[in-house]
Amino acid sequence: MTDSQESPDRQDALFAGDDPILDSGSDLLNRQRLARALVEEVQEMNATRGAVVAITGKWGSGKTSLLNLTANILQETEDVRVVDFNPWFFSGTDHLIRFFFDEMARQLSSERDRKKRLQDSIAGVAERFSRYSASLSPLKFIPGVGAVIDSAEKTAEGVTQALSSSIHEQRSEIATALKGMNGRIVVLIDDIDRLTRQEIRDLFRLVRLNGSFPNVVYLLCFDRSVVERALGEDGLDGAAYLEKIVKTSVEIPPAADEALASILQQGVLGALQGIETGPADGDRLPDVFWQVVRPLFGTVRDVKRFLSSLTLAARSVGEEVSLPDLIALEAIRVLRPAAHDLITENLGVLTTTHGWQSVNRNQAAVSAGAEVVTALMEKLPSGVGRALITYVFPAAQCHTENLWHGADSLSTWRRDRRVAHPEVLRYYLHRELPSGTALGSQVDAIFEASNDKAALRHALLAIPDVQFEDALDRFLAYVDLVEVESIGGTVTALLELFPRIAEDRPGMFDFGGDLLILRPVLRLMRRVDMGDVDRVARSVFDATPSPHARLRFISIIGRGDNESEAPLISSELEAELRSNLGQQLTSASPESLVGEKELLRTVVQAVDCDPTSGNLAIQAASAPNVVAQLLETALSVSRSNSLGSVVVRHEDRLAWDALVSVYGGVESFHAAVGEMKSSIAEGDRSPRLTRALDAYEQYAGGWRPRTF
């Protein structure tokens, strides 16, 4: 898609809903040339016994627009008077003919835009039409007739028998007056194909009975197939009958591919102007537009219908859905609603990834998914379904290309806000983010600030706590894009985030929120050149004051947490950093340890703790605030439920043995807790400390949890 200038009138025409164009300024398909040719034909054709010209085409092809362009030119033609007849205003056969002549008389006698060349002759014709209409007031058509031709003949006989010979005289006078005109009358009749079957038959009966008036040209607009079906009955060939009435016809030409594509492009740009949208994904947008979106459109009406919905959709989803996906799904929703329904009903089929190893696949689910994908492709034009799977729902390529995607792809799709990810597709369909979900712009802000440590800290702090963990989880997909020279600063900023990770995890199988930080840290450190990794690791360690953060950092890049993988840093550096951490904890002041996350685990893993030594593992362990911190970080929650039950039971646990080892024995531990309880009043204790003390009383009384 390219950006180019478009005249205001043409742009306005695109956003005029389903209305036909009214003038050449809104002519998007350059139909003005065809309109001029049609006017020349109307002027030059032999109309001594009248003439009928038809503009035909499918609904939405632009018949009315061409008629309006033609009428505008005819209105400016000196020797043509235009009469606009609306067949929707009559009801019943007996009403139709009189209404027609009434309308002819009224419009021809109007002083508005009276043309000098036709002024005198038109006035006489209008007067005769008016008298003729009055004479037709008692006219009744014969009910229950069958074929249209027989009906027309019987109607003519009925008129002859029912009315005096003055009717013939009046028709003769009208014909004489029309023959002497210095020009001709053009009667415009539109939307014939939207009438009922009986109304269509009545209208063509009218044209057949009155189409022989000299210098009167009927210009009709209709869908040929609809009219032929309406005229055909009791063995009568509707097409053959239509040929007897219509002298000349022009079929609306289909819009040229290049012209329609240009109109669609300009329309999309106009519809989205000023609206914040999701990532444009420039590498994918051309393929989505040309292979998925463009083939769905056949007429300008299709484009207008689509654009009238696109603006609202873009405003409602904002920046949370990739722009190519939004355009594709909205085009399908408007123009192929049955296909869109299938997408809505089969979110899992289109977004579930399967391992490439066949032993890991659910073959029944794969087979069922293949049937859904086949059904979806059948509801779209040839080639569009396969392109939709390739560029919009690649997880389903396992059904079309034998191409399998894994979890890494899901992470990338979520980063790029593609509907290939189930959460993004769900948001597009429901327009509502799940609780705790970060906005795409928030995650983008983190990445954009990653090259500046101070800016990154600010971006991370700006994310509300309720959305913080989701934003951090999604940032993992961005880490490979962080500049290598910014890795040290980014890792340091991430290690500062441990205090924001919730202590009590929400689910039974959540094994620690620390992984939200450790996974991107490990990915970033793996990108550092092997010869430079020790230097970067040392700088990160030195810039990180938190003992817990330091321990987790050493463990993730050293041998501690990665026994199955080679450590990133040298064993010498790891030993040095662990020694420094141990010394930091041993001599740390109480103030520096208050509020420290996972203090108990950090001390136990970084310092030599002997439960029988009678000595404190760290100097600050006897300080009441440090005792409280050790108790709080010793608290965990055990969750369990019965087979078949959704009820989850919660039970607080204490890392009792670890606590005893820090204090060098049970007696020292009890003494420290007793002093802490005396120093910190109940009203000043945090809810977590209160729970930890309740658990302490149970353990001190000899209770222990059951082991399995």
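Taken over the alpha carbons of region 395-517 as equal point scatterers, the Debye sum produces base-10 log I(q)/I(0) values at 0.18, 0.22 Å⁻¹ of -1.04, -1.34.
Calculate the FRET efficiency for Glu697 and Val594 from the Cβ-Cβ distance with a Förster distance of 22 Å, rounded to the nearest 0.05. My answer for the efficiency is 0.40. Comparing His421, Ser308, Val366 along the charge dipole axis of region 281-438, the residue lying farthest to the positive side is Ser308, per the Cβ-charge model. Protein heavy-atom accessible surface, 1.4 Å probe, per residue over region 247-360: 42 Å². Could you work out the local net charge near Pro611, counting Lys and Arg as +1, Asp and Glu as -1, over the other residues with Cβ closer than 15 Å to its Cβ? Summing Lys/Arg as +1 and Asp/Glu as -1 gives -4. Counting only protein heavy atoms and a probe of 1.4 Å, the accessible surface of region 579-672 is 48% carbon and sulfur. Val52 sits among other residues whose Cβ lies under 12 Å from its own Cβ, and their net charge, with Lys and Arg +1 and Asp and Glu -1, is +3.
Using a 1.4 Å probe on the protein chains only, how many percent of the accessible area of region 344-436 belongs to carbon and sulfur? Taking all protein chains in place, region 344-436 shows 47 percent carbon and sulfur surface. In the context of the full set of protein chains, region 451-609 has a per residue accessible area of 46 Å² (1.4 Å probe). Return the tail of the calculated pair distribution for region 328-423, meaning the percent of Cα-Cα pairs more than 21 Å apart. Of the Cα pairs, 28 percent sit more than 21 Å apart. Rg ratio for region 361-466: its Cα radius of gyration over 2.2 N^0.38 Å, N being its residue count, equals 1.38. Volume per residue of the convex hull around the Cα atoms, evaluated for region 662-706, comes out as 92 Å³. Each principal axis of the Cα cloud of region 586-708 was taken in turn, and the coordinate range along them, longest first, works out to 51, 33, 26 Å. Taking every protein chain into account, the accessible area of region 664-708 amounts to 62 square angstrom per residue (probe 1.4 Å).
Of the solvent-accessible surface of region 41-91, computed with a 1.4 Å probe over protein heavy atoms with every protein chain present, carbon and sulfur atoms account for 47 percent.
Against the empirical curve 2.2 N^0.38 Å, the C-alpha radius of gyration of region 516-659 lands at a ratio of 1.22. Each of Arg706 and Ser212 was given a label point 7 Å from its Cα along the Cα-to-Cβ line. The distance between the two points is 10.5 nm.
Charge tally around Val528: other residues with Cβ under 15 Å, Lys/Arg +1 each, Asp/Glu -1 each, net -1.
The values are calculated or read from the model by the stated rules, or taken from the named source; none is laboratory data. Keep in mind that what you see is a predicted model, and the values were worked out from it rather than measured. Please note: Cβ atoms are built from the backbone with ideal geometry, for glycine as well, and neighbour counts cover all protein chains shown. Ligands, DNA and RNA are excluded from the accessible area calculation, which covers all protein heavy atoms including side chains. Shrake-Rupley method; radii C 1.70, N 1.55, O 1.52, S 1.80 Å.
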